[in-house]
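Notes follow once the structure below has been shown.
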Number of protein chains: 2
Amino acid sequence: MRTDLARIVGEPYALPGTGTEYTQDASIAMGLRGHADAVVLPGTAQEVADVVAWCYSRGVAIVPRGGGTGYSGGATPAPVPEAAGPEGTVVVALDRLDRIRSFDPGLWRIEVEAGVTTQTIARRARENGLMFPVDPGAAEASQIGGNIATNAGGPHCFKYGVTRAWVTGLEAVLAPGELVRVGGPTRKDVAGYDLVGLLTGSEGTLGIVTAAWLRLLPAPAHAAVPVAAAYPTVDEGCAAIEAVLASGVVPATIEYLDAGALAAAGGSFPGGLPTGAQFLVICEADGGEDEVRELVEALGPDARAHEPRELWRWRDGVGIAVTAVQGGKLSEDIGVPLDRLAEGIVGTVEIGIRHGLEACSWGHAGDGNLHSTFLLTPGDHAQLERAEAAVEELFDLAIALGGTVSGEHGLGWLKRGQLSKQWSPAAVRAHSAVKTALDPAGLFNPGKKTP
Amino acid sequence: MRTDLARIVGEPYALPGTGTEYTQDASIAMGLRGHADAVVLPGTAQEVADVVAWCYSRGVAIVPRGGGTGYSGGATPAPVPEAAGPEGTVVVALDRLDRIRSFDPGLWRIEVEAGVTTQTIARRARENGLMFPVDPGAAEASQIGGNIATNAGGPHCFKYGVTRAWVTGLEAVLAPGELVRVGGPTRKDVAGYDLVGLLTGSEGTLGIVTAAWLRLLPAPAHAAVPVAAAYPTVDEGCAAIEAVLASGVVPATIEYLDAGALAAAGGSFPGGLPTGAQFLVICEADGGEDEVRELVEALGPDARAHEPRELWRWRDGVGIAVTAVQGGKLSEDIGVPLDRLAEGIVGTVEIGIRHGLEACSWGHAGDGNLHSTFLLTPGDHAQLERAEAAVEELFDLAIALGGTVSGEHGLGWLKRGQLSKQWSPAAVRAHSAVKTALDPAGLFNPGKKTP
């Protein structure tokens with residue numbers, strides 16, 4: 001296998017599947033490690049197409065892989081042989097497709113290959129007075145191809161929308177190994193079905209994105225000012241969030257941390273937290289002083305403005321601080337309608353209690369997107385089993401609240417099978433029909449995102 | 001047939017297909033009138049599902065229909081028997097699904113049935129300090145179901161995005177007659193494939209949208225101020241548009257009219273046009289006085305602010321004014337990358353000259369979306385034939401410029417077959433595979449949006 005693949009991508013770029021670098025992702029905390037028969041790093045989109053054609057004609061499964069920063073095991077080869085192709089599995093890592101093909105700052109657009117990191121795009125935009133607002137948690141390592149595959153979000157997506165909103169066109173390899181382009185630099189296009197949207201968020205199960213045309217925006221004229229306020233209860237915090245919505249301001253972010261997350265991370269909160277703080281709301285205004293003033297008023301007497309870098313550096317460390325409490329965690333990303341947010345937050349803790357687990361949550365409050373988390377001690381298998389049962393209950397809760405089992409991380413391997421809880425049988429049939437239509441042999445990322 | 005259907009929807013709501021009310025749309029100017037064996041007006045989503053089930057089990061084609069304001073013949077039954085179902089055609093008009101199911105202004109969201117007009121949604125939002133920014137040309141008659149089916153746009157979509165950006169969930173009837181829901185009031189959801197996006201813009205060829213959950217936004221804090229400026233040439237006008245992009249302001253709209261459109265409609269332009277005006281740019285700022293000032297500066301010495309209602313009433317009348325020149329027109333809606341806009345505008349006129357036709361264009365400049373139009377004298381069949389040949393060239397031009405044959409109107413019946421010019425064979429195969437997957441019998445709006 002490797003000899004054949006080396007002929008396509010070049011000897012140095014066809015690796016054995018034995019290393020761990022390309023067979024695990026950020027879900028390694030859950031012990032997820034997959035098996036691959038080879039790892040290839042194509043240098044061009046055409047090489048990706050050639051690899052896919054080689055695999056597709058031979059019954060070899062294809063696992064596309066970006067930065068490997070996902071939490072769902074979407075970019076990890078499946079850990080069980082039943083979910084491999086009949087003739088094995090090849091990981092197709094997009095790292096070397098890292099060219100910016102074109103950049104037209106004056107036209108607010110950029111064309112990038114799949115392996116360009118999110119941070120690189122954001123930096124290039126910023127250097128030219130523009131903004132690429134998608135800001136998932138690991139922007140320095142995550143790649144735009146992976147952002148597209150998962151339709152990634154982040155705090156600023158509350159105002160600016162998730163990845164899909166910024167993609168005007170895709171180049172992708174579809175079965176059985178065809179390089180296609182749908183959309184492009186044109187901002188509006190309704191000629192065909194929305195295959196750009198269909199591929200976005202498909203987690204590599206319908207094809208491999210090799211390049212994208214992205215929209216950009218001028219950077220806001222006003223500096224971003226995060227305003228944070230603490231509350232003694234979840235209900236008071238959620239009431240403040242609704243007051244923000246009623247203010248008429250559209251904040252760039254509406255984030256929250258619950259009591260457990262504050263217990264883990266609050267110690268290093270810039271300027272410290274008031275005694276009795278059990279809930280924190282962070283809204284960022286990027287529309288000028290009036291907006292800042294209105295946010296401060298909506299968030300109440302304790303609200304104060306923060307220096308953005310300092311505040312966001314702290315916010316970026318929340319996940320690590322929560323992990324540090326017991327050494328490990330099982331973290332999900334359910335989404336609920338905004339009016340059910342408090343129930344999701346309280347419910348997360350209650351589910352933890354029922355399973356003898358410390359639980360907390362934080363996340364993108366404005367989008368109703370909770371990172372519901374159960375703390376774990378590494379190596380405690382009984383506890384991990386309880387956490388897995390707790391997560392099942394958490395998904396049931398999200399669905400009971402009219403929400404989703406995944407707001408931004410995707411189903412990947414770890415949440416496979418969960419969609420059937422959320423969608424009716426007829427909707428699931430439509431989902432499966434689309435998969436079969438575009439991947440008749442079932443070789444694109446098998447076992448992932450299955451209903 | 002009608003007796004059976006009357007049992008589902010009630011006697012008064014099962015009509016014969018002989019009337020013209022439901023068998024033509026705004027493309028009647030092109031003489032397009034379809035044939036239906038019956039027209040039904042279901043009163044509930046379940047009745048829609050029952051009608052589809054009845055049709056699907058009998059080989060009867062289903063033509064979903066909103067306000068009938070489309071220009072592509074998408075909501076018109078196909079005019080030739082080959083494109084009907086083997087057992088005939090039923091038009092399913094959504095007029096009676098006109099309930100607002102829920103409205104939560106404080107949460108910026110509304111749940112509406114497919115037959116609610118765009119204007120009603122915009123008005124309800126406005127009355128509550130909110131905004132529904134999608135503003136297609138016939139908002140008083142067009143229905144949200146049709147807006148979704150075509151992924152409708154409008155001037156303000158430059159800043160705020162097209163219909164898809166505002167839909168968080170859909171209720172729809174899929175083959176063979178199943179009422180499903182994907183998404184809902186939750187703002188972020190990546191659990192399944194983006195079936196919301198796939199149905200949006202599918203022009204009723206994959207199913208029938210019966211209801212939608214929509215996002216809304218607070219109305220901008222500042223009054224909208226349109227700023228317009230005239231130029232002596234296309235190139236100078238397009239240079240002004242690029243100056244606007246470079247200003248750092250994100251205008252709500254960037255519209256243009258070329259010389260021919262101004263010749264038809266310029267006489268009633270509020271305040272009059274300067275002598276020698278051959279190109280008009282209209283940008284609207286909704287972010288306060290600084291933005292207005294920057295737009296005025298970017299648009300140059302002739303730029304001046306306008307009263308919004310007066311200006312937009314005039315702009316809404318442009319299509320009618322152009323029609324009035326010769327009594328008829330053939331108008332398309334190609335899209336091009338913004339840097340190719342001038343070529344699209346000049347090319348439209350040149351194509352007209354080559355075919356002995358007066359031609360002009362106007363449209364959504366910021367989105368590169370041209371309403372390229374050939375003037376016609378009603379009843380002149382030779383001229384109509386020349387116009388049809390001109391339109392083919394126009395589509396070739398759009399594609400040569402890296403654009404699309406439809407920026408916002410869709411393919412419908414009139415542009416069937418055009419996608420194969422724009423997409424590669426492999427992409428077209430994916431398009432067809434999706435159609436077959438969701439509509440295996442090919443009964444949803446047959447003949448429409450075919451590649």
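The values are calculated or read from the model by the stated rules, or taken from the named source; none is laboratory data. Values in this document were obtained by computation on a predicted structure and should not be read as measured data. Note: ideal-geometry Cβ built from the backbone for every residue, glycine included; neighbour counts use all protein chains shown. Protein only, heavy atoms only, side chains kept; ligands, DNA and RNA dropped before computing areas. Shrake-Rupley method; radii C 1.70, N 1.55, O 1.52, S 1.80 Å.
Can you pull the three principal axis extents for the Cα set of the protein assembly as shown, in Å, largest first?
83, 62, 59
Please report, in debye to the nearest 20, how large the charge dipole of chain B is about its Cα centre when each Lys and Arg carries +1 at its beta carbon and each Asp and Glu carries -1 there.
Working: 34 positive and 53 negative charges, 230 e Å.
It works out to roughly 1100 debye.
Provide the convex hull volume over Cα atoms per residue for chain A, in Å³.
Details: hull volume 62.3 nm³, N = 451.
Looking at chain A, the number lands at 138 Å³ per residue.
Taking the Cα centre of the protein assembly as shown as origin, work out the dipole magnitude from +1 charges on Lys and Arg Cβ and -1 charges on Asp and Glu Cβ, in debye rounded to 20.
Values: 68 positive and 106 negative charges, 302 e Å.
Roughly 1460 debye for the protein assembly as shown.
Determine ³J(HN,Hα), in whole Hz, for all residues of the range B:58-73 in sequence, where each value follows from phi through the Karplus function 6.51 cos²θ - 1.76 cosθ + 1.60 and θ = phi - 60°; x replaces Gly and Pro.
Working through the residues one at a time gives 10, x, 9, 6, 10, 10, x, 8, x, x, x, 9, x, 10, 10, x Hz.
Remind me, relative contact order of chain A in percent, using alpha carbon pairs under 8 angstrom and six or more residues apart? Kindly include the intermediate steps, with their values, before the conclusion.
On the way: 1038 pairs, mean separation 69.2, N = 451.
This gives 15 percent for chain A.
Using a 1.4 Å probe on the protein chains only, how many percent of the accessible area of the range B:317-437 belongs to carbon and sulfur? Can you show the working numbers first?
Working: 2290 of 3970 Å².
Carbon-and-sulfur percentage of accessible area, whole number: 58.
How far apart, in nm, are two points set 7 Å out from the Cα along the Cα-to-Cβ line at B:ALA239 and at A:ALA246?
For the pair B:ALA239/A:ALA246, the computed spacing is 5.3 nm.
Go ahead and run the numbers for FRET between B:ARG101 and B:ARG2, Cβ-Cβ distance against an R0 of 30 Å, rounding to 0.05. Let's see the in-between values first.
Numbers: r = 30 Å, r/R0 = 0.98.
The pair B:ARG101/B:ARG2 has a calculated efficiency of 0.50.
When the dipole is taken about the Cα centre of the range A:100-218, and only Lys, Arg (+1) and Asp, Glu (-1) are charged at their Cβ, what size is it in debye, to the nearest 20? Walk me through the numbers on the way to the answer.
On the way: 11 positive and 11 negative charges, 77 e Å.
Result for the range A:100-218 is approximately 380 debye, rounded to the nearest 20.
What do you get when you divide the Cα radius of gyration of the range A:2-93 by 2.2 N^0.38 Å, with N the number of residues? Could you put the intermediate results ahead of the total?
Values: Rg = 12.3 Å, N = 92, 2.2 N^0.38 = 12.3 Å.
It is 1.01.
May I ask what percent, to the nearest 5, of DSSP beta bridges between residues of the protein assembly as shown are antiparallel? Mind dumping the intermediate values first?
On the way: 112 of 132 bridges.
Antiparallel bridges: around 85 percent, rounded to the nearest 5.
For the range A:18-25, take each phi angle, set θ = phi - 60°, evaluate the Karplus expression 6.51 cos²θ - 1.76 cosθ + 1.60, and give the result in whole Hz per residue in order, putting x for glycine and proline.
Once rounded to whole Hz, the list reads 7, x, 8, 4, 10, 10, 9, 9.
Pairs on different chains or at least eight residues apart, Cα atoms closer than 15 Å: how many lysine pairs in chain A fit? Display every interim value, and only then the final one.
Working: A:LYS415/A:LYS448; A:LYS415/A:LYS449; A:LYS421/A:LYS449; A:LYS435/A:LYS448; A:LYS435/A:LYS449.
Going through chain A pair by pair, I get 5.
Roughly how much accessible area, to the nearest 100 Å², goes out of reach of solvent when A and B pair up, both sides summed, probe 1.4 Å?
Values: alone 18340 and 18320 Å², together 30930 Å².
It comes to approximately 5700 Å² buried between A and B.
What number comes out for the charge environment of B:ILE8, summing +1 per Lys or Arg and -1 per Asp or Glu over other residues with Cβ under 9 Å away? Present the calculation step by step, with values, prior to reporting the outcome.
Working: positive: B:ARG7; negative: B:ASP4, B:GLU47, B:ASP50.
Around B:ILE8, the surrounding residues sum to -2.
As an exercise, take the mean of 1/r over every pair of distinct alpha carbons in the range B:100-218, invert it, and state the Kirkwood radius in angstroms.
14.0
Taking the Cα atoms only, what angle lies between the long axis of helix B:341-354 and the longest principal axis of chain B, rounded to 10 degrees?
Once rounded, the angle reads 80 degrees.
What does the charge add up to near B:ALA246, with Lys and Arg as +1, Asp and Glu as -1, over the other residues with Cβ less than 12 Å from its Cβ?
Numbers: positive: none; negative: A:ASP104, B:GLU242, B:GLU294, B:GLU297.
Around B:ALA246, the surrounding residues sum to -4.
I'd like the mean, over residues of B:368-380, of how many other protein chain beta carbons sit within 10 Å of each residue's own Cβ.
On the way: counts 6, 4, 0, 0, 0, 0, 0, 0, 0, 0, 0, 0, 0.
For peptide B:368-380, the averaged partner shielding equals 1.
Take every residue in peptide B:37-45, count the Cβ atoms of other chains within 10 Å of its Cβ, and give the average of those counts.
Details: counts 0, 0, 0, 0, 0, 0, 0, 0, 0.
If you average over the peptide's residues, the count of other-chain Cβ atoms is 0.
Name the residues whose placed amide hydrogens come within less than 5 Å of the amide hydrogen of A:ASN151, ignoring near sequence neighbours (fewer than 5 apart) on the same chain.
A:GLY201
May I ask you to derive the FRET efficiency for A:GLU87 and B:ILE28 from their Cβ-Cβ distance with R0 = 51 Å, giving the value to the nearest 0.05? Don't skip to the end; give the middle numbers.
Details: r = 57 Å, r/R0 = 1.12.
That gives a FRET efficiency of 0.35.
Please compute, for the alpha-carbon atoms of the range A:195-293, the extent along each of the three principal axes and give them in descending order in Å.
51, 33, 26
Determine the sum of side-chain charges near B:LEU257: Lys and Arg each +1, Asp and Glu each -1, restricted to other residues whose C-beta is under 13 angstrom from that of B:LEU257.
Counting the neighbours of B:LEU257, the net charge comes to -2.
How do B:365-378, A:132-145 rank on mean C-beta neighbours within 10 Å, highest first?
Values: B:365-378: 25.1, A:132-145: 23.1.
The most tightly packed comes first, giving B:365-378, A:132-145.
Roll a 1.4 Å probe over the protein chains and send me the accessible area per residue for the range A:1-106 in Å². Present the calculation step by step, with values, prior to reporting the outcome.
Values: 4360 Å² over 106 residues.
Result: 41 Å² per residue.
With the dipole of the protein assembly as shown worked out from charges on the C-beta (+1 for Lys and Arg, -1 for Asp and Glu) around the Cα centre, which of B:THR20, A:GLY328, A:THR150 lies farthest toward the positive end?
B:THR20
From largest to smallest, what semi-axes in whole angstrom does the range B:312-352 give when each is the square root of 5 times an eigenvalue of its alpha carbon gyration tensor?
Details: eigenvalues 97, 43, 13 Å².
Whole-Å semi-axes of the equivalent ellipsoid: 22, 15, 8.
Would you grab the residues whose amide H sits under 5 Å from the one on B:THR404? Only those 5+ places off in sequence or on another chain, please, with H modelled 1.01 Å from N.
HN-HN under 5 Å from B:THR404: B:GLY335, B:VAL336.
Sort all Cα-Cα distances of the range B:23-158 into consecutive 10 angstrom bins from zero, then give the percent of pairs in each bin up to the one containing the longest distance.
Whole-percent P(r) values from 0 Å outward: 12, 38, 32, 15, 3, 0.
Pairing the Cα long axis of helix A:425-438 with the longest principal axis of chain A, what angle in degrees results, from 0 to 90 and rounded to the nearest 10?
40
Taking one equal scatterer on every alpha-carbon of the range A:317-437, how large is log10 of I(q)/I(0) by Debye at q = 0.16, 0.20 1/Å?
Debye curve over Cα of the range A:317-437, log10 I(q)/I(0) at q = 0.16, 0.20 Å⁻¹: -0.75, -1.09.
Residues of the range B:323-385: accessible area per residue at 1.4 Å, in Å²?
Working: 2110 Å² over 63 residues.
Per-residue value: 33 Å².
Where the accessible area of the range A:198-277 is counted over protein heavy atoms with a 1.4 Å probe, how much of it, in %, is carbon and sulfur? Spell out each step's value before the answer.
Details: 1320 of 2250 Å².
Percent of accessible area from carbon and sulfur atoms in the range A:198-277: 59.
Compute the accessible area per residue over the range B:221-311, keeping the other protein chains in place, probe 1.4 Å, unit Å². Show your work: numbers first, answer last.
Numbers: 3690 Å² over 91 residues.
Averaged over the residues of the range B:221-311, the accessible area is 41 Å².
Looking only at other chains, what is the average number of their beta-carbon atoms within 10 angstrom of each beta-carbon in A:335-341? Numbers along the way, then the final one.
Values: counts 7, 4, 10, 8, 5, 2, 0.
What the average comes to for A:335-341 is 5.
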